[in-house]
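This report refers to the structure that appears directly beneath it.
Taken together, the values in this text are just the output of simple stated rules run on the coordinates, not laboratory data. Treat the numbers as computed from the prediction; the structure is a model and nothing was measured. Every residue, glycine among them, receives a Cβ derived from its backbone with ideal geometry; neighbour counts consider all protein chains shown.
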Ligand SMILES: [Zn+2]
């Protein structure tokens, strides 16, 4: 008992601190906050959108820009109703649900222990299957023929475009299609801040391979994707791969691994990497009546490729990068006490601001020099300009949003045409000439 208490307290505390920082510094706000919020919906503030965009850009760079075998796509959220029948989502994309007869709350049957309602102890109904897709109507008439779904995954937009993309790109199998976009799942129990939400953004690759190569390519993608998180700053000890048990596999998957992150509340999925076999392409062939086979000219062979799918959550990976970057330093003060410094140690690629320009005073000639430097640097890097408060307070603000470099324009600058550059992590300060600053920053930020 005491062990559990010891373990829970700091965990709870760390998550509380991250959530509080996220709001205070403009990473994440509750959606529709002035109306009391909407359950499990969140908005990304000025810092959050920069972080999230950087995560998406880093993914796109790694999987599309730097590879020969993957092209991009942006398919629509609303799709032909037959898509979700063919894909199996209408029949099988369900969770077992129980209702409490007394307080009317709903729970996932597999999350409830015992026969009684966990909230009020009331009697529960028999479990029934609840489809997780959001429904809406297309056009002015609200009848069953007008029903469309908000996509629960971006993958189907890729499968139905398999022939289009393969034809125009003339890629040979193995090749992949990558897409970033919003998806929607009417989860019965969302929760844990931005980790599980009903509206979320995905980064998905469908990688088409010859059936005989599927196992080998699946292993390759496991390593590839795990390393991506590490390259972007996640501590290796906080990442692991976990293979799904047979009972956990989605209706389309033959084998699946999760890349899991050790969140303050425990290990949770960042990305699923599944072998979807030829399930989807064959299903769309059958329902659409269109030929979705690939023709291998060298072997003179027609076949439906297997698909390896690395499917990552933008919101949950952004949260993992934020949690992993969060640290509290203790530094001794001049008066013999200890000062706690909150710092986000983002990798340079993910840091919202790359540098902050801080004139030591609001007087000339400092302001003019600082302004000019800011206008020049911001053309290449996202920068902040802050002339409010003591320099110590300004450093704290930048540390709390993870800015790698603070550039101070001081009274010496007019004489030596140089500025002081402070490193967020080492706290080392270096005098650097303004003339060489941009290329020096470019070098430092490329690491
Ligand atoms: Zn109840």
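Side notes on the structure shown:
- Residue 129-residue 375 pseudo-label distance in nm [points 7 Å out on the Cα-to-Cβ vector]: 6.5
- Rounded to the nearest 10 degrees, the angle from helix 391-401 to the longest Cα principal axis of the chain is 10 degrees.
- Least to most buried among 71, 383, 41, 406 (fewest other Cβ within 10 Å first): 41, 71, 383, 406
- Computed over the stretch 353-445: relative contact order in percent, which uses C-alpha pairs under 8 Å that are six or more apart: 29
- Measuring between their Cα centroids, the stretch 83-148 and the stretch 41-77 lie 31 Å from each other.
- Nearest-ten-degree value, helix 434-445 long axis tilted from longest Cα axis of the chain: 30
- Taking other C-beta atoms within 10 angstrom as a stand-in for reagent exposure, 317, 439 fall in the order 439, 317, fewest first.
- Helical content alone sets the calculated 222 nm signal of the chain at -9500 deg cm²/dmol, taking -39,500 (n - 2.57) per DSSP H segment of four or more residues and averaging over every residue.
- Normalised contact order of the chain, rounded percent, pairs of Cα under 8 Å and 6 or more residues apart: 12
- Kirkwood-type radius of the stretch 152-286, with distances r between different C-alpha atoms, in Å: 16.4
- As a proxy for reagent exposure, ranking 397, 240 by other Cβ atoms within 10 Å from fewest up yields 240, 397.
- Near-label residues of the stretch 296-316 by backbone N, under 12 Å of a point 7 Å along Cα→Cβ of residue 249: none
- The convex hull defined by the C-alpha atoms of the stretch 353-445 has an orientation-averaged projected area of 5.2 nm².
- Residue with peak Gaussian network fluctuation, the chain [Cα springs, cutoff 10 Å], from 220, 15, 47: 220
- Fluctuation leader among 131, 275, 417 - the chain, Gaussian network, Cα springs under 10 angstrom: 417
- Cβ-Cβ FRET estimate between residue 282 and residue 14, R0 fixed at 51 Å, reported to 0.05: 0.65
- Label separation (residue 145 vs residue 76): 1.9 nm, computed from points 7 Å beyond Cα along the C-beta direction.
- Taking the average, over residues, of other Cβ atoms within 10 Å as the packing measure, peptides 146-156, 225-235 rank 146-156, 225-235 from highest down.
- Potential lengthening between residue 104 and residue 34 on full extension [0.36 nm per residue; Cα-Cα distance subtracted]: 22.5 nm
- Alpha-carbon Debye profile of the chain, log10 I(q)/I(0) at 0.07, 0.09, 0.13 Å⁻¹: -0.46, -0.72, -1.24
- GNM on the chain, alpha-carbon springs under 10 angstrom: the most fluctuating residue among 28, 340, 19 is 340.
- Percentage relative contact order, the stretch 317-395, counting C-alpha pairs under 8 Å, at least six apart: 23
- Gap separating the Cα centres of the stretch 181-239 and the stretch 351-398, nearest whole Å: 37
- For the chain, the longest principal axis of the Cα atoms and the long axis of helix 366-377 meet at an angle of about 30 degrees.
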